[in-house]
Amino acid sequence: MTTVGEAGWQVLTAHGIDTVFGNPGSNELPFLAAMPDGVRYVLGLHEGAVLGMADGYALATGGPALVNLHAASGSGNAMGALTNAVYSHSPLVLTAGQQLRSTVGQEVMLTNVDAAALPRPLVKYAAEPASAQDVPRALSQAVHTALLAPRGPVYLSVPYDDWSREAGPDAAHLPSRRATAAAELGGAALEELAGALAGAANPVLVLGPQVDADRANDHAVALAERLACPVWIAPSASRCPFPTRHPAFRGILPASVRDVSDRLAGHDVVLVAGAPVFRYHQWVPGDLLPAGARLLHLTADPAEAARAPMGEAWVGPVGPALAALAGRVPASGREPLPPRSGPPAPQGAEDHVPPQQLFALVRDAAPAGTVHVCESTSTIDDVVAQADLTEPGSYLFPASGGLGFGLPAAVGAQLAHGDARRVVALVGDGSANYGITALWTAARYRVPVVFVILKNGTYGALRGFAGLLGTGETPGLDVPGLDFVKISEGYGVPAVSVSDAASAAAALTDAFAADGPRLVEVVTAPGVT
Ligand code: TPP
């Protein structure tokens, strides 16, 4: 007899799933007992960190990641982190254990009441199968739904007595199922887009995370060179879709209506590829577009296309469309853009290491191709100014701004990359606390992330907003008295604290040379101890 557990795992492993990120409770033990040889379980100590690790892993592999959560309470703990996975289009397959099927109606302890409703609206699909025999098919539906464009997280609640039941013969069809979506925009759409770009007097590209997710960065470069045009990263960037040292690179667009419009002034055609139009953050009103600009929007997500307040949208795979456009658009005949000077020389200081200086030191210490997982919220432009973000997948930031992503996602990304690429986490002393338990997982599984904590004693980004909103000195803006060396060592990750550039450089060199995780706490503001 094939059990539901065996059939379910056959579905998962057929999709290449060989890792489970989880935190178990009694409801999940039968699922884990059915886990086949060759699948590894990565234990996280809090579900926010579990989800963040899975998100980082999926972003790094480009494939699905399996998460196993404990009933409603574990699912609830994961939901803050799930807000990021929605906007990073991460194909996360969340499973949660349910109480015995026959007892759910009584709401016995650990019942996930109305389980499918719990994670909505943060998932593309949520269900509790109506019978044990439907569990393998529902798992198959979950994985396919997560992977079909637009990608995103899904959720399945499974009563724990289902796993040992007989699967039935229909389950045999599931592992070989495939679901393939159209691979390209139609020729007429490409023709229209290429014509608009070729006819532009002063075009500009605005690129989003989907370009990097599709590993289409080189196609974006080819298109920019054909057009001899500048390239911006779309506001609220969660990935880096364009090499930051390329002559065309202009930085990340500021996330307000007026600033976007100001930066795009003078351009007659704006091609936005692989990003929403736009993901604004701070409210600075103005015209949505500069006068005379036509906005062309290329996205894999129909909802992004539909909700944009301006522009003409085309929905289809972004990477292949950029490749096709780079091939179709004729060379513009404009002068190529001149090379940019190197990164700005950062200012030093006596009793601290200013963020730009720190990021320059990280750049000098980090091996080529290092993945930067960033969650130091007031210093994003400084990272992009200093780091060499050249290879695809070199930069990750929480896609919905939900803190608690940085430390766990770095662990997940490093697990995905193995020896191929190093991962550095650049995380603020505020943000670090939301995902701090990931340090334990890094220590337990010897995941060699270099964790850098920027210690400024405050929620710097909120101080910036306080200035913008004119709210003055509100409560809750400072986080003094945190000792990340002790915290880190308590979780098993060796750590040092530094407050001058020479010590920071030495600590970073040591950390990158280590074969396990290391944490470097860096004082980045004056007067912080
Ligand atoms: N809680 C969650 C889960 N997500 C959030 N985005 C916030 C609260 C609000 N928030 C945004 S930025 C920020 C906070 C609390 C400060 C982060 O401080 P830190 O990591 O020290 O970086 P800094 O801004 O100082 O560079």
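Data table
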{"item": "Fraction in percent of alpha-carbon pairs per bin - 5 Å, the range 182-236", "result": "4, 17, 23, 26, 22, 7, 1"}
{"item": "Relative counts (whole %) of C-alpha pair distances in the range 187-328, using bins that are 5 Å wide", "result": "2, 11, 22, 26, 23, 12, 3, 0"}
{"item": "Spatial separation of Cα centroids for the range 235-292 and the range 1-69, in angstrom", "result": "38"}
{"item": "Two-site FRET efficiency, ARG215 against SER176, from Cβ-Cβ distance with R₀ of 22 Å, rounded to 0.05", "result": "0.25"}
{"item": "Fraction in percent of alpha-carbon pairs per bin - 10 Å, the range 12-75", "result": "22, 55, 23, 0"}
{"item": "The range 187-328 - charge dipole about Cα centre, Lys and Arg +1 at Cβ, Asp and Glu -1, debye rounded to 20", "result": "280"}
{"item": "Surrounding net charge for PRO343, when Lys and Arg each add one and Asp and Glu each subtract one, Cβ distance under 13 Å", "result": "-1"}
{"item": "Sequence ranges 162-173, 363-374, ranked by mean other-Cβ count within 10 angstrom, highest first", "result": "363-374, 162-173"}
{"item": "Whole-number D in µm²/s for the range 279-368 (Stokes-Einstein; Kirkwood sum over Cα pairs; 25 °C, 0.890 mPa s)", "result": "133"}
{"item": "Approximate spin-label separation ASP287-ARG334, in nm, with each point projected 7 Å along Cα-to-Cβ", "result": "1.9"}
{"item": "Label point distance in nm, ASP381-LEU482, each placed 7 Å from Cα along Cα→Cβ", "result": "2.4"}
{"item": "Summed side-chain charge close to GLN414 - residues other than GLN414 whose Cβ falls under 9 Å, Lys, Arg +1, Asp, Glu -1", "result": "+2"}
{"item": "Cα shape, the range 4-173, gyration tensor, a/c 1.5 rule", "result": "rounded"}
{"item": "Sequence-distant residues sharing a close amide H with VAL20 (under 5 Å, placed H)", "result": "ARG40, TYR41, VAL42"}
{"item": "Length added when fully stretched, ASP419-ASN433, from 0.36 nm per residue minus Cα-Cα", "result": "2.3 nm"}
{"item": "Dipole moment magnitude, nearest 20 debye, the range 355-523 about Cα centre, only Lys, Arg, Asp, Glu C-beta charged", "result": "340"}
{"item": "Surrounding net charge for ALA275, when Lys and Arg each add one and Asp and Glu each subtract one, Cβ distance under 11 Å", "result": "-1"}
{"item": "Values of log10 I(q)/I(0), in the order q = 0.25 Å⁻¹, for the range 67-164 under a Debye, Cα-only, solvent-free model", "result": "-1.32"}
{"item": "Percent of beta bridges antiparallel (DSSP, the chain, rounded to nearest 5)", "result": "5"}
{"item": "Cα-derived Rg over Rh, computed across the range 261-312 with Rh taken as Kirkwood radius", "result": "0.95"}
{"item": "Segment ARG245-LEU100, length gained on full extension (0.36 nm per residue, minus Cα span)", "result": "46.5 nm"}
{"item": "Compactness relative to 2.2 N^0.38 Å, alpha carbon Rg of the chain", "result": "1.00"}
{"item": "Unit charges on C-beta of K, R, D, E only; dipole of the range 4-173, Debye", "result": "400"}
{"item": "Extension gain, ALA506 back to SER164 (0.36 nm per residue minus Cα-Cα distance, nm)", "result": "117.6 nm"}
{"item": "Furthest towards positive pole of dipole, ALA115, THR244, SER90, structure part the chain, Cβ charges", "result": "THR244"}
{"item": "Computed FRET value (nearest 0.05) for MET1 with LEU45, which takes r as the C-beta separation and R₀ as 35 Å", "result": "0.45"}
{"item": "For the chain, calculated [θ]222 nm from helices alone, where every DSSP H run of n ≥ 4 adds -39500 (n - 2.57)", "result": "-10000 deg cm²/dmol"}
{"item": "In range of the label at THR13: residues from the range 163-183 whose backbone nitrogen is under 20 Å from the point 7 Å along Cα→Cβ", "result": "163-178"}
{"item": "Cβ-based charge dipole, the range 4-173, positive-most Cα from PRO129, VAL143, SER164", "result": "VAL143"}
{"item": "Viscosity 1.002 mPa s, 20 °C: Kirkwood-radius Stokes-Einstein D of the range 355-523 over Cα pairs, µm²/s", "result": "135"}
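Throughout, read-outs are computed from the coordinates displayed, never taken from laboratory work. This is a predicted model, so every value here is computed, not measured. Cβ: placed from backbone, ideal geometry, glycine included. Neighbour counts: every protein chain shown.
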